[in-house]
Structures are given as C-alpha cells and as structure tokens.
Amino acid sequence: MSARLPRAVPAAALFAACALAVAAPGAEVVILKDGFVVQGQVHKEIEVIVDKASGRSVPIIKSNGFDMINEGPKVTIFSTHAKQLGAITPDTKLRPEYKAFTTNIPGFKSFKPLPGPGDTTVDDWDPKRWYRKISVKVVGAAPEVIDQQITYMDPYYIAIRSATHRWWQTYRTAEWDPKLVRRLLMGHPQLAEPDGKCDPLKRVMLAQFLLDTGWLQLAKDEIDRLKRDHSGEMEKGAKEQYDKLLANVDVATGELVAREAELALRAGRYNYTAELIAAFPEKTAGAKEVTRVAKVSADLKVAQERYDAARRHLRNIIDEIAGLRKVNALVALAGGGALATWVPPKNVPGLVLDLAAAGERVYAELHPDSAIRIETFVTLAAQAERERAAGKEPTKKPEELLATAVSGWAKGKNGARPIPDEAWQLWTARELVLAYQRGNTMNERNAVLGRYKKNITLATDELAQMISLLPPAQAEDLDNRTGTQVALGKVKDTGIYKRTTLPAPGHPQGIDYLVKLPPEYHHGRPYPVLLVLTHPGISTEEVLNPLLAEADRNGYIVVAPEWAGRFNKVGWEYKGEDHVFVTAALRDAVRHFTVDNDKVFLLGVGDGANMAMDVGASHPDLFAGVVPVGPIPKYVGFFDHYYANCQKLPFFVITGDQTGAGMMNLRRIYEKWMPYGFPAIWSVYRGRGVEWFAAESPVIFDWMNRKTRVTGTATLALGDFRQPWHMLRPTDTRFYWMEADEIVTGRSGGAPVPATIQGDIRGNNVIAITQKGVKRMTIWLSAELIDWTKPVRVSVNGAVPIGWGGPKNIAPSVEVLLEDYFVRGDRRMLVLNKLEIKTVP
C-alpha cells in the first residue's frame, strides 16, 4: 500500500464526536427505505461545552448535528427520514464480529500537524512491529519524519496511528495488497512462528482471516499450504478449528456462487448463470444457498424456455410464409446451394412478405428478458401446432400469427393483435421513428415526420408506448465495433472502445469518450449506465479497474467522457457549457446502445466528483443517483442555492476527513439536506484525503442497484418541505416537467441571486407555477401528468400568464413527442405536448 499524505487541516474536528475509535463494529443496523444496509454504532453527533460554574466539559447533542453510524473504517451520515422502521428481517445479511489483531504504540513523541505537500519517501512496513516511517521533504529545513503504526486489523478494516503527528488513518482491509496483509499477520505475535515450524492452529486463524476478508481463493491456498507444511496428526483443538474452517470455506463457496448467480441473472448474463449453477457445490453448501440457487435455476429455466419457444415458433412461421421450409429440407439433403436458388413465393402477398422481414428483425432482437412481449404469439402458435398435429385446420393463419408477433414486439404484450394490416402499420411507425432519430438536420426530420403523418394513423400515446420499447436508433454492430479499442495498463483486449460523439455545442469535432459493454450485452434488453468522471491527478486505470469488474458483475454499461485533459491546470470551473462532456456522451451512448434511462448514474473522483455534483444538481432529471468520491464542492455562490435541486436526486458521497474545504463545504450542504430527508448519505474515512476508495466499489453498486430515477410527478415536493428549483446559468433550467427558457439572475452584496421555479399540477388540471426571474418557460406534459380529456388551467404567481386566456384543451402532439425524443433520447420520460408560457420575471 502506498502512502498518500492528506491535506494538513483540522477538518477531522468536525467529526470528533463520532468516536472513530478502534472497536469492533456493533450490532446496530440502519436499513434505508430502499433496503441499503449500514452496520455499526449509531449515535447523534455531539459537541462539548464548558460548564462555567464547575469548569467541567460537558458533552451535549449538537443542535444541527448529524445522525451517524460508526462502521469502523468510516462514519456514514444519514437522514432518519430515509430510515426503514420495524425489525430487521432474517434475510438481511449482517457483518459478524471478527477476530482482531492489535499492537500498542510504545509512546507518543509529539502531536504535530502534518507537514505541507512535498516529495515523500515511504519505508516498507515492518512485519514484526507493524511500523513504518515516511520522510517528507520540507523547503529550507531537514526532512520531516512521520512515524506510522498499524494499531488494529480485522478482516473488515485497518487503523493506523502516528506517534509523531496528529494523523489517524482507516482503511478497508480489502483495499490492501493481500500479500502484504498476510506478511503482516504472519509477523504478529499471535500468529508468528518464531521457530519456523508450522503451527496448525495459527495457520487456521490466518486462513479464517483471509476468508472473512473475502479472499476465498487465498484462504484455500492457505489451507493447501498448511497441508503441505504440516505432517502428522493435529492436536484436538487445532483439528476442531481446522474442520470448522473447512466447513466455513464450503459455506463461503456456496454463498459466493449463489450471489454471483443472482447477479448474473439480473444482469442478463444467461450463459454465465448456467455455468454458475452447474458449478454450484450443492452437497457442501448451506441450506439457504441451496434454496437461493434453486430459485435462480427455476427463473433461468422459465426465461430460457420462453425464449427458446419464441425463437422456434417465430422461425417456423417466418420460414413457412417465405417458403423456406421446403428449402431448409433441401439444404439438409443437398447443402447450402439450395438457398442460392430461393426466390420469394409468387402466391404470398407483399404485405405478408414484409411482415416476414419484420419478423426476422424481431427474431434478431429477441432476448430472454424481452421474450414475454411476444408471449401471445407463442400461445397462438403452439395452439396452431397442436391443431395441425391433430389433422385440423389451424385457428390462426400464418400471417395472423406473424402479425401477433410483430405487433406484440412493437407495442408490448398487451398490444399484440393478429391483424396483418395493423401490425404492418405499427412496424412502419416504428421504422419511421427510428429514421427520425437518425435525421441529423431539421429538414431531414421534417421529411420523415411528413411521411409519418401521411401514412400512420396511430394515437400519440400508443406511439409513446412503442417508443419505450425501441432499440437504439443506430445500433452498434457488435461483431464489427466502431471506434478504437483502448488498452488498460498491460491488458490490450479490454473491450473498452474510444468513440466520438456527433458535433456538440462548443465542440464541432465531437467529444471523445470511452465505453465498455457488460458481458453478454444484447440490444434486446435495456442496461443501466455508469458515467465515470476521472480526476487529472488519478489515473483512469486506477479508477476504472475496480469499477469495470463490478460493472461486469452487475450488468452496467460504463461510459467515461475524456474531459480531464482539457482542465489539467484549472480543474473543474463550474461552467454550465462544460456539462456537454456528460450530456453529449450520454446522448451518443443512447443512440448506439440500449440504455435504461431510469438507471443512469454519475460517478466522479476528485475534480470529477466536483463535476458530478455540479452536473447532477443542474440536471437532476437525467440521473438515478450521483456518487462523488473525494469532492471539494463549491458552496458559496453555487451549492448554497443548488443544494435544493437535489431534493429528488440520491447522492452517495465518499471522502476522507482530510480534504480541507471539501469537508467544510460538504458539511454545509448536508446540514441543509439531512433535516428534510434528502435522499443522500455520506461516508467519511478517517485521515484520508482526495483519493479513490477501492473497497467501496461493491458498496456503490449495491447502492445503485436499489435506485431508479424519479420520473415526472405532479407535485415537486419532499413531504411537507417546499423548495423551488434554483437556476444561476442558462444551461441549468429544466427540471422534470418544467423548463425556464429565459432567466434573469441578479446579485446582492456581490453574491449571485438565482432565478427560481416551483410547480404543482393539482386536481381539475390546474398547473400552478411560482417563479422568480423567469421570462419564458415551457411545461412538458407526459401522459400521466394531466387528464387529457379535460381543459387545462395555468396560473403563474397566482395569476393567469400573459396571453394564456382561459382553460384550454390540450391534445397530444406527435411533433413534440418525436422532437423531444430526438433531443434527449429519453425512452422512459416521454413528452406528449408542451405549453409555452410568457411570464413577468
């Protein structure tokens, strides 16, 4: 493990009451409303006051203090409003109490603050003393030496103290090199073998430690090493512990396979799920894991059988209509030359052949997760198959069956109908929408729109339903990838490709970004996306490596805009026009890959974390959550206003307590968030600065997997809390269904004064807007926001807006739907019409 000197600041005093002492995590558990679990010692933040009469220091609960839980290596701040009530369920996985190893510092030499930045020389850890020295060059003086000693180590975390400086660090054990951890443990008095002879009991304790850390294979290696180094019978006590260890390894193996199988199935990795099920050690696994894997196996079987049946019936119907059944029989006898002589059958109408071509597309796009869309077709096709086998005329003709498949695929299971004309119109509408998405100019898109209006008679809400199921407009050829594959360290075949977006504002050549697809990616199912924003001082490899492994396990597309190189000297500047690095990369990914817009997350490290907080607070309706790691956010003139924009956007901030202004500014933000139940948590590591916390990767994905973007709702409120949306820049003006098209900001005593907007859609179709500093605005209406059969009333600041008049009937507009979908590429938050309103700022 390398040393990273944090900023020498007293920010840790903000959390002095957390008692980040070396102690085994308690049994207290906080379960948030989405099921996210935090385990440790729960308490309120306190402050110390001095009793004037006695002169004694008295701890009291801090008036604006946080609710927090001390997990050992970190303290996590949460809002009690986001906490689940009730007892912990038996299925909740809790961290057990671990065997810990400790050392004592012989004596404290001084309590100096850390020196300023300088070149450092770091000694290796002494495995017997758990001690090392760090030498820091100081300008104009002798190098300053920092003593460090590991004082606590268990499988969950490690604590390090300094005998010379006010510096106490904590790490997750899983962050460290396993070889270093093993070497240190072998040097500890409780595990050392001073005579060089193998001590079975000590080796068992070592292997159990490695197993509890999550290093299953290393634990197995340690068992093999024990077998090799020890001959003869073990003593009774050692043998009992050894047998217990073997049982624990069996249980851990079963638990690992069960967990991986559940993740793989959820991620759409059907082949890998089958491999895991085949490898599951059923005879040695625990009963709970056997039940879990049995459920995964059953779910896999149902999905696979549904998919296989859909493919078989669809293939048969297409071949029958196209006259290929006879050709296929000839191929079996005479080889592939028979296909070269195939011509479309003359007695099959063109419409039916067109449906057969559409059926081929359905066949190619079909995925086990989406096969349910043509379940009605499968039912009817199976019925027809049985009728033919019984010598009866099938109830449904082949073209009717094919129409059922095509219409169900286009509109979803409930839209499946055995009417060829309707099915072809749906398919034509689908193709025109995709063509509209590919139009680079307004003229091209208007030409497609004209064709749509001329040929399609489809209700706009039905079109919206169809759009929600579309594939990417320009689906990437997965066998012939575009872009350039990028190496990661020494690994060449990474599956990471550098792509360039279309021209974007301020970037006529487009914006470069990296993209990595999860294993078994298929355009036929939507995938969550993690947008990663790196830091100029932290290598892309250091950030992406642990994230990519977890992204693969959880089935995420990873997108990393290449922004940092242009900001090396200045860092993130909080300019709204720079948000395009994120928004353009996301839009381009949506154009080429099947993205679940309700599961898009933003993660940044260092300056990338500042960028993530800025972009998230400015465009909260784009994301399901934001994960800033080591941010130093701008508070005055920015988050003192934009904090309110995060009232429906979950944040998971991870940082060290030695980030100077970062800690202080984060505290000011969370003091505004926590009392009102904003969906945010904050994990703070002791003695650490701006860095990447590698062990948090699985925790981050667990947190993200529980999140789904908040879509447009009628009342933008958090319980009884009413807070408007704040706007300081013309780039940050759309919030779910409200958008300020022109704003007027001001200044007061040199500080910026934002424009604000707030809105409700109440009963009887009343849209009530409160605004300040907005000249023009747009209300974006999705299907569920209003009753489209009744007139709409609008009020702005309690009055009818300029030129609005009385109540108006609003009809869905295909023009608005298609253009908004083109601009944003959002298949989940579709707009059926808009209201453009003039206001008095």
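Quick one: what pairs do we get from region 258-279, first residue open to solvent by 20 Å² or more (accessible area, probe 1.4 Å), second hydroxyl-bearing (S, T, Y), C-beta under 6 Å, 6+ apart or different chains?
Listed by first residue and then by second, the contacts come to L265/T273; I277/S297.
Taking region 562-587, which residues are closer than 19 Å to P620 by Cβ and not in a loop (DSSP other than H, G, I, E, B)?
Residues of region 562-587 closer than 19 Å to P620 by Cβ: 572, 574-587.
Listed by number, the residues that qualify are G576, E577, D578, H579, V580, F581, V582, T583, A584, A585, L586, R587.
Mind listing whichever residues of region 604-640 are out of contact with any helix residue (DSSP H, G or I) (no Cβ under 8 Å at 6 or more places or on another chain) and more than 15 Å from L666 (Cα to Cα)? I'd like the intermediate steps shown before the answer.
So in region 604-640, the residues out of contact with any helix residue (DSSP H, G or I) (no Cβ under 8 Å at 6 or more places or on another chain) come out as 606, 609-610, 612, 621, 636-637.
Answer for region 604-640, where residues must be out of contact with any helix residue (DSSP H, G or I) (no Cβ under 8 Å at 6 or more places or on another chain) and more than 15 Å from L666 (Cα to Cα): just D621.
Test D614 against the criterion of being modelled with pLDDT of 95 or more, open to solvent by 10 Å² or more (accessible area, probe 1.4 Å) and not aliphatic (A, V, I, L, M), and give yes or no. So that I can check it myself, show each step before the final result.
Values: modelled with pLDDT of 95 or more: yes; open to solvent by 10 Å² or more (accessible area, probe 1.4 Å): no; not aliphatic (A, V, I, L, M): yes.
When the stated conditions are applied, D614 does not pass them.
If I filter region 742-749 for residues that are assigned to a strand (DSSP E or B), without any contact (Cβ under 8 Å) to a residue 12 or more places away in the chain and among the polar types (S, T, N, Q), do I get at least one hit?
Yes, region 742-749 contains at least one residue that is assigned to a strand (DSSP E or B), without any contact (Cβ under 8 Å) to a residue 12 or more places away in the chain and among the polar types (S, T, N, Q).
Going by the structure shown, is K179 part of a helix (DSSP H, G or I) and open to solvent by less than 50 Å² (accessible area, probe 1.4 Å)?
On the way: part of a helix (DSSP H, G or I): yes; open to solvent by less than 50 Å² (accessible area, probe 1.4 Å): no.
Considered against the rule, which asks whether it is part of a helix (DSSP H, G or I) and open to solvent by less than 50 Å² (accessible area, probe 1.4 Å), K179 comes out as no.
Any idea which residue in region 732-755 is farthest from R793 (Cα to Cα), counting only those that are open to solvent by less than 20 Å² (accessible area, probe 1.4 Å) and in contact with a strand residue (DSSP E or B) (Cβ under 6 Å, 6 or more places away or on another chain)?
P754
Name the single residue that is nearest to D598 (Cα to Cα) among those in region 689-731 being open to solvent by 30 Å² or more (accessible area, probe 1.4 Å), in a loop (DSSP other than H, G, I, E, B) and modelled with pLDDT under 85.
T711
So which residues in region 508-523 are assigned to a loop (DSSP other than H, G, I, E, B) and either in contact with a Gly (Cβ under 9 Å, 6 or more places away or on another chain) or of a type in the set (S, T, N, Q) (or both), if there are any at all? Spell out the reasoning first.
Step one: of region 508-523, the residues assigned to a loop (DSSP other than H, G, I, E, B) are 508-511, 517-523.
Answer for region 508-523, where residues must be assigned to a loop (DSSP other than H, G, I, E, B) and either in contact with a Gly (Cβ under 9 Å, 6 or more places away or on another chain) or of a type in the set (S, T, N, Q) (or both): Q509, L517, P518, P519, E520, Y521, H522.
Check N443 against each of (1) in contact (Cβ under 8 Å) with a residue 24 or more places away in the chain; (2) open to solvent by 60 Å² or more (accessible area, probe 1.4 Å) and name the one condition it does not meet.
(1)
Can you confirm whether I779 is farther than 30 Å from T501 by Cα, among the hydrophobic types (A, V, I, L, M, F, W, C) and touching a residue at least 24 places away in the same chain (Cβ under 8 Å)? Working first, answer last.
Details: farther than 30 Å from T501 by Cα: no; among the hydrophobic types (A, V, I, L, M, F, W, C): yes; touching a residue at least 24 places away in the same chain (Cβ under 8 Å): yes.
Criteria not met by I779.
How about region 592-637: which of its residues are closer than 15 Å to E696 by Cβ, of a type in the set (A, V, I, L, M, F, W, C) and not in a helix (DSSP H, G or I)?
F601, L603, V605, V626, V627, V629
With the structure loaded, tell me whether T482 is modelled with pLDDT under 95 and within 28 Å of Y363 (Cβ to Cβ) or whether it fails that test. Full working, then the answer.
Numbers: modelled with pLDDT under 95: yes; within 28 Å of Y363 (Cβ to Cβ): yes.
Yes; evaluated as a whole, the condition is true for this residue.
Among T540, T500, T482, T534, which is surrounded by fewer than 21 Cβ atoms within 10 Å (Cβ to Cβ) and more than 26 Å from L434 (Cβ to Cβ)?
Numbers: T500 fails: more than 26 Å from L434 (Cβ to Cβ); T482 fails: more than 26 Å from L434 (Cβ to Cβ); T534 fails: surrounded by fewer than 21 Cβ atoms within 10 Å (Cβ to Cβ).
None of the others qualify; the one that does is T540.
Considering only region 638-663, how many residues are open to solvent by 10 Å² or more (accessible area, probe 1.4 Å), closer than 20 Å to Q723 by Cβ and not in a loop (DSSP other than H, G, I, E, B)? Full working, then the answer.
Residues of region 638-663 open to solvent by 10 Å² or more (accessible area, probe 1.4 Å): 640-641, 643, 648, 650, 658, 661.
After this cut, where a residue has to be closer than 20 Å to Q723 by Cβ as well, the list is 640-641, 643, 648, 650.
Those still in the list that are not in a loop (DSSP other than H, G, I, E, B) too: 640-641, 643.
Total meeting the criteria: 3.
This table checks each residue for (1) open to solvent by 80 Å² or more (accessible area, probe 1.4 Å); (2) of a type outside the set (K, R); (3) touching a strand residue (DSSP E or B) at 6+ places or on another chain (Cβ under 9 Å); (4) touching a residue at least 40 places away in the same chain (Cβ under 8 Å).
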site: A403; (1), (2), (3), (4): no, yes, no, yes
site: P420; (1), (2), (3), (4): no, yes, no, yes
site: W427; (1), (2), (3), (4): no, yes, no, yes
site: R430; (1), (2), (3), (4): no, no, no, yes
site: A435; (1), (2), (3), (4): no, yes, no, no
site: R438; (1), (2), (3), (4): yes, no, no, no
site: I456; (1), (2), (3), (4): no, yes, no, no
site: A459; (1), (2), (3), (4): no, yes, no, yes
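So, A384, is that one in contact with a Ser or Thr (Cβ under 7 Å, 6 or more places away or on another chain), crowded, with 20+ Cβ neighbours inside 10 Å, without any contact (Cβ under 8 Å) to a residue 24 or more places away in the chain and part of a helix (DSSP H, G or I) or not? Give the steps one after another, and end with the answer.
On the way: in contact with a Ser or Thr (Cβ under 7 Å, 6 or more places away or on another chain): yes; crowded, with 20+ Cβ neighbours inside 10 Å: yes; without any contact (Cβ under 8 Å) to a residue 24 or more places away in the chain: yes; part of a helix (DSSP H, G or I): yes.
Yes: the conditions hold for A384.
For A207, which of the numbered conditions (1) touching an Asp or Glu at 6+ places or on another chain (Cβ under 8 Å); (2) open to solvent by 10 Å² or more (accessible area, probe 1.4 Å); (3) among the hydrophobic types (A, V, I, L, M, F, W, C) fails to hold?
Of (1) touching an Asp or Glu at 6+ places or on another chain (Cβ under 8 Å); (2) open to solvent by 10 Å² or more (accessible area, probe 1.4 Å); (3) among the hydrophobic types (A, V, I, L, M, F, W, C), only one is false for A207: (2).
Could you check, for region 561-574, whether at least one of its residues is over 25 Å from P698 (Cβ atoms), among the β-branched types (V, I, T) and at pLDDT below 95?
yes
Return the residues of region 822-840 that are farther than 11 Å from R587 by Cα and open to solvent by less than 80 Å² (accessible area, probe 1.4 Å); say none if nothing qualifies. Step through it out loud before you land on a result.
Going residue by residue through region 822-840, those that are farther than 11 Å from R587 by Cα are 827-840.
Residues satisfying the conditions are R827, M829, L830, V831, L832, N833, K834, L835, I837, T839.
Inside region 567-592, can you point out the residues that are open to solvent by less than 10 Å² (accessible area, probe 1.4 Å) and either in contact with a Lys or Arg (Cβ under 7 Å, 6 or more places away or on another chain) or acidic (D, E) (or both)?
Filtering region 567-592 for residues open to solvent by less than 10 Å² (accessible area, probe 1.4 Å) gives 571, 576, 579, 581-582, 585, 588-589.
Hits for region 567-592 are G576, D588.
Looking at the structure I just gave you, is W125 at pLDDT 95 or above, open to solvent by less than 10 Å² (accessible area, probe 1.4 Å), within 27 Å of L211 (Cβ to Cβ) and touching a helix residue (DSSP H, G or I) at 6+ places or on another chain (Cβ under 7 Å)?
Values: at pLDDT 95 or above: yes; open to solvent by less than 10 Å² (accessible area, probe 1.4 Å): no; within 27 Å of L211 (Cβ to Cβ): yes; touching a helix residue (DSSP H, G or I) at 6+ places or on another chain (Cβ under 7 Å): yes.
For W125, the condition - at pLDDT 95 or above, open to solvent by less than 10 Å² (accessible area, probe 1.4 Å), within 27 Å of L211 (Cβ to Cβ) and touching a helix residue (DSSP H, G or I) at 6+ places or on another chain (Cβ under 7 Å) - is not met.
Under 8 Å between Cβ atoms, at least 6 apart or on separate chains: pull out the pairs that start in region 351-371 with a residue that is closer than 27 Å to Y270 by Cβ and end on any residue that is of a type in the set (G, A, S) and surrounded by 22 or more Cβ atoms within 10 Å (Cβ to Cβ).
A358/A423; G359/A405; V362/A405; L366/A310; H367/G268; P368/G268; D369/G268; A371/A310
Identify all residues within region 503-531 that are open to solvent by 20 Å² or more (accessible area, probe 1.4 Å) and among the hydroxyl-bearing types (S, T, Y); write none if there are none.
The one that is open to solvent by 20 Å² or more (accessible area, probe 1.4 Å) and among the hydroxyl-bearing types (S, T, Y): Y521.
Mind telling me which of the residues E305, E282 ends up being exposed (fewer than 14 other Cβ atoms within 10 Å of the Cβ), over 28 Å from the mean Cα position of the chain (by Cα) and not in a helix (DSSP H, G or I)? Break it down into steps so the answer makes sense when it comes.
Values: E305 fails: not in a helix (DSSP H, G or I).
Going through E305, E282 in turn, the sole match is E282.
Just to be sure I understand, how many residues within region 405-414 are in a helix (DSSP H, G or I), surrounded by fewer than 20 Cβ atoms within 10 Å (Cβ to Cβ) and of a type outside the set (D, E, K, R)? Break it down into steps so the answer makes sense when it comes.
Within region 405-414, the subset in a helix (DSSP H, G or I) is 405-411, 413-414.
Within this subset, residues satisfying the condition of being surrounded by fewer than 20 Cβ atoms within 10 Å (Cβ to Cβ) are 413-414.
Narrowing the set further to residues that are of a type outside the set (D, E, K, R) leaves 414.
Looking only at that region, the number is 1.
For region 52-115, which strands (runs of 3 or more DSSP E) that fit wholly inside it have 1 or more residues that are of a type in the set (V, I, T) and within 21 Å of F678 (Cα to Cα)?
67-70, 74-78
The values are calculated or read from the model by the stated rules, or taken from the named source; none is laboratory data. Model, not experiment: these values are computed from the prediction. In this analysis, Cβ positions are derived from the backbone assuming ideal geometry, glycine residues included, and neighbour counts consider all displayed protein chains. Each accessible area value is taken on the protein alone, full model and side chains, heavy atoms only, with ligands, DNA and RNA left out. Shrake-Rupley method; radii C 1.70, N 1.55, O 1.52, S 1.80 Å.
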